[in-house]
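What follows is a single structure, written as structure tokens, with notes after it.
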Amino acid sequence: MPRASENLNAFEIAMRQFDEAAKILKLTESQIAMIKEPRRMTEVNLPVRMDDGSITIFKGYRCQHSVARGPAKGGIRFHQDVSADEVRALAFWMTYKCAVVGVPFGGGKGGVVVDPRQLSQNELERLARRYFAEMADLFGPDQDVPAPDVNTNPQVMAWMMDTFSMQRKQYMPGVITGKPLEIGGSEGRTKATSMGLVYCVREMAKHLGLDLKKARLAIQGFGNVGSFAGQILECMGSRVVAISDVGGGFYNTNGISMNMAIDYVENSEAHSLKDFDKTGAAARYDDPMKVLEEDVDILIPAALENQITQKNADRIEAKIIAEGANGPTTPEADAILYEKGSHIIPDILANAGGVTVSYLEWVQNRMGYYWSEERVNEDLEKIMVNAFDEVMAVARDYKVKIRTAAFIVGINRVTKAAELRGLYA
Ligand code: NAD
């Protein structure tokens, strides 16, 4: 029987996820009103001088979903498909992600509608600076602390921190995280999201009796999160048999060397896996979406939202799906996979390692004292494993999906904070 078409609006999906957990928690209407919708959404038009002297206007957003548990926290995405609703959804997920791992932040997110591949480095710098200057009143170490997301990186964070520091006439590294080490970044931040995800995968594998040394793995999205997750799991003995990015999808049942693939992306002109098959290391899928359907034990979607839908969910073979990306699975697909017995480690838990080490970076910035990578990773592991255990216990007690359990943990914490603070005026 043909299924009704799916609603792929990220914010509406986020609201459905909230409602599912809120119903179980029997939240009152007032409690829901306090914590469900975003607190503030800002939209700006950013004029940027291009290298040829012309001016282009880019649309920028910043959403502060919640500040109940601390300053808003969440990345800034540069992508041609950024929309107000996507930013709202990502900010909402940040609120509950920070609460799940217990770091003292609310949730925020920013975005600019741009394909950064079309910009020169100088144009990219001018856009990054203009975005931060335009939103400067919103940001601050105790107000709202951004970080990298899709297509933004430590260099972009450095330009943004410098813009803010120049405006305030003082060095303010705590305004943004994910910075280069030389200007207040933290050891361990680059790989933090992937490390956190791998800790969750390791705990889930223990839970299921799956030997990671024999595990086969597929990864969609080969950027910061996907590539390092593959590299770390390969070091633990797993075999990565399929990878994809904007340049296409590639597979090799004998395994793809992660160091080789990472070097390839770093050194290729397109900064992607485009033409990776020409190295002889892997064959190319006609349809890169096939990476999701590969016969593997573990699947890591680490690209964008709405990749696993009701169209492909029943062809997904993986026992463990660890959501590196935010919102990669639609509610319809979630239900299909749950029925099939797949174990989805949801985004607000699986990719929380990034914000956890962002928190540690912010703490170090405030102290002016910096820790070793071992120290950072020790704290990260402790926080991730605690959060994983807590969420799994709630899933067992309430007999709900792990995603709903994660929202239950997060919503309980945010509700409590909002109630304790009460209304100001
Ligand atoms: P990135 O820009 O480093 O990498 C994104 C990757 O996705 C690139 O390899 C890109 O080519 C690929 N991609 C884009 N569209 C694709 C498509 N249609 N099919 C296949 N691949 C595609 O970004 P990132 O920081 O690795 O973020 C990836 C995801 O992880 C996003 O959803 C982001 O919100 C989430 N996330 C990132 C962090 C972090 O610390 N960087 C933390 C938490 C969550």
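The values are calculated or read from the model by the stated rules, or taken from the named source; none is laboratory data. Worth saying up front: this structure is predicted, and the values here are computed from it rather than measured. Positions of Cβ are generated from backbone atoms using ideal geometry, with glycine treated the same way; all protein chains shown enter the neighbour counts. Ligands, DNA and RNA are stripped out before the accessible areas are found, and what is left, the full protein with its side chains, is counted by its heavy atoms. Shrake-Rupley method; radii C 1.70, N 1.55, O 1.52, S 1.80 Å.
With just the Cα atoms of the stretch 239-291, tell me how far they stretch along each of the three principal axes, in Å, largest first.
25, 21, 15
When only C-alpha pairs under 8 Å and at least 6 residues apart count, what is the relative contact order of the stretch 356-425, in percent? Please list the in-between numbers first.
Numbers: 24 pairs, mean separation 13.3, N = 70.
Reported relative contact order: 19 percent.
Would you kindly state the longest site-free stretch of the chain, with sites defined as trypsin sites (Lys or Arg not before Pro) in a DSSP loop (not H, G, I, E, B) surrounded by at most 12 other Cβ atoms within 10 Å?
On the way: sites that count: 3, 26, 169, 399.
It works out to 170-398.
In the chain, what percent of the accessible surface is made up of carbon and sulfur (1.4 Å probe, ligands and nucleic acids excluded)? The partial results should precede the final answer.
Numbers: 8850 of 18010 Å².
Using a 1.4 Å probe with all protein chains present, the chain comes out at 49 percent carbon and sulfur.
Collect residues whose amide H, placed 1.01 Å from N in the peptide plane, falls under 5 Å from the amide H of residue 58; neighbours closer than 5 in sequence don't count.
Here the answer is 46, 48, since their amide H atoms fall under 5 Å of that of residue 58.
To check you understand DSSP bridge types, tell me what percent of the beta bridges within the stretch 249-404 (both residues inside) are antiparallel, rounded to 5. Each step should come with its number before you reach the end.
Details: 2 of 8 bridges.
About 25 percent, rounded to the nearest 5.
Mind telling me which of 253, 95, 28 comes out most flexible in a GNM of the chain, alpha-carbon contacts under 10 Å?
Answer for the Gaussian network model of the chain: 28.
Using only the alpha-carbon atoms, what does the stretch 312-425 span along each of its principal axes? Please give whole angstrom values in decreasing order.
Here the spans come out as 51, 42, 24 Å, largest first.
Could you work out the Kirkwood radius for the stretch 296-360, taking every pair of different alpha carbons, averaging 1/r and inverting it, reported in Å?
Details: mean 1/r = 0.0839 Å⁻¹.
Radius from the Kirkwood sum: 11.9 Å.
Looking at the stretch 90-132 from every direction and averaging, what is the projected area of its Cα convex hull in nm²?
Working: hull surface 16.0 nm².
Hull-based average projected area comes out at 4.0 nm².
With a sphere of radius 13 Å drawn around the Cβ of residue 256, what net charge do the other residues whose Cβ falls strictly inside it have (Lys, Arg +1; Asp, Glu -1)?
Values: positive: 216, 239, 284; negative: 234, 245, 263, 277, 294.
In short, -2.
Report the relative contact order of the stretch 278-425, percent, no decimals, based on alpha-carbon pairs under 8 angstrom and at least 6 residues apart.
Numbers: 162 pairs, mean separation 23.4, N = 148.
About 16 percent, as a whole number.
What does the convex hull of the Cα atoms come to per residue for the stretch 1-60, in Å³? The partial results should precede the final answer.
Values: hull volume 9.1 nm³, N = 60.
Value for the stretch 1-60: 151 Å³ per residue.
Could you pull the Rg and Dmax for the stretch 81-177, using just the Cα atoms, both in Å?
13.6, 39
Among 310, 121, 220, whose mean-square fluctuation peaks in a Gaussian network model of the chain (Cα, cutoff 10 Å)?
Answer for the Gaussian network model of the chain: 121.
Restricted to Cα positions, what overall size does the stretch 1-112 have along the principal axes? Three whole-Å values, descending.
Computed over the stretch 1-112, the largest-to-smallest principal extents equal 58, 47, 24 Å.
Keeping every protein chain present and rolling a 1.4 Å probe, give me the accessible area per residue for the chain in Å². Can you show the working numbers first?
Working: 18010 Å² over 425 residues.
Normalised by residue count, the accessible surface of the chain is 42 Å².
Using a ≥ b ≥ c from the Cα gyration tensor of the stretch 260-383 (square roots of the eigenvalues), is it rounded, prolate or oblate, where a/c under 1.5 gives rounded and otherwise the larger of a/b and b/c decides, a/b for prolate? Display every interim value, and only then the final one.
Numbers: a/c = 2.59, a/b = 1.32, b/c = 1.96.
Because a/c hits 1.5 or more and a/b fails to exceed b/c, the stretch 260-383 counts as oblate.
Most fluctuating residue of 114, 355, 291 in a GNM of the chain with Cα springs under 10 Å: which is it?
Sorting by GNM fluctuation, first place goes to 114.
Counting only Cα atoms, I'd like the Rg/Rh figure for the chain, Kirkwood definition for Rh. Write out the running numbers ahead of the final one.
Numbers: Rg = 20.6 Å, Rh = 21.7 Å.
With Rg and the Kirkwood Rh in hand, the quotient comes to 0.95.
List, in order, the whole-Hz ³J(HN,Hα) value for each residue of the stretch 241-249 obtained from phi through the Karplus relation with A = 6.51, B = -1.76, C = 1.60 and θ = phi - 60°; use x for Gly and Pro.
For the stretch 241-249, the Karplus-derived couplings read 9, 8, 9, 8, 8, 4, x, x, x Hz, x marking Gly and Pro.
State the percent of C-alpha pairs, over all pairs in the stretch 120-239, separated by a distance greater than 22 angstrom.
Working: 3310 of 7140 pairs.
Of the Cα pairs, 46 percent sit more than 22 Å apart.
Give me the Å³ per residue figure for the convex hull around the C-alpha atoms of the stretch 203-342.
Values: hull volume 13.6 nm³, N = 140.
Per-residue hull volume (Cα only) is 97 Å³.
Quick one: work out the % antiparallel among DSSP beta bridges in the chain, nearest 5.
On the way: 23 of 47 bridges.
Here the antiparallel bridges make up roughly 50 percent for the chain.
Given the C-alpha centroids of the stretch 116-145 and the stretch 277-348, what is the distance between them in whole angstrom?
The stretch 116-145 and the stretch 277-348 have Cα centres spaced 32 Å from each other.
Please tell me the relative contact order of the chain in percent, rounded to the nearest whole number, where contacts are Cα pairs under 8 Å and at least six residues apart. Don't skip to the end; give the middle numbers.
Numbers: 883 pairs, mean separation 70.9, N = 425.
Relative contact order for the chain comes out at 17 percent.
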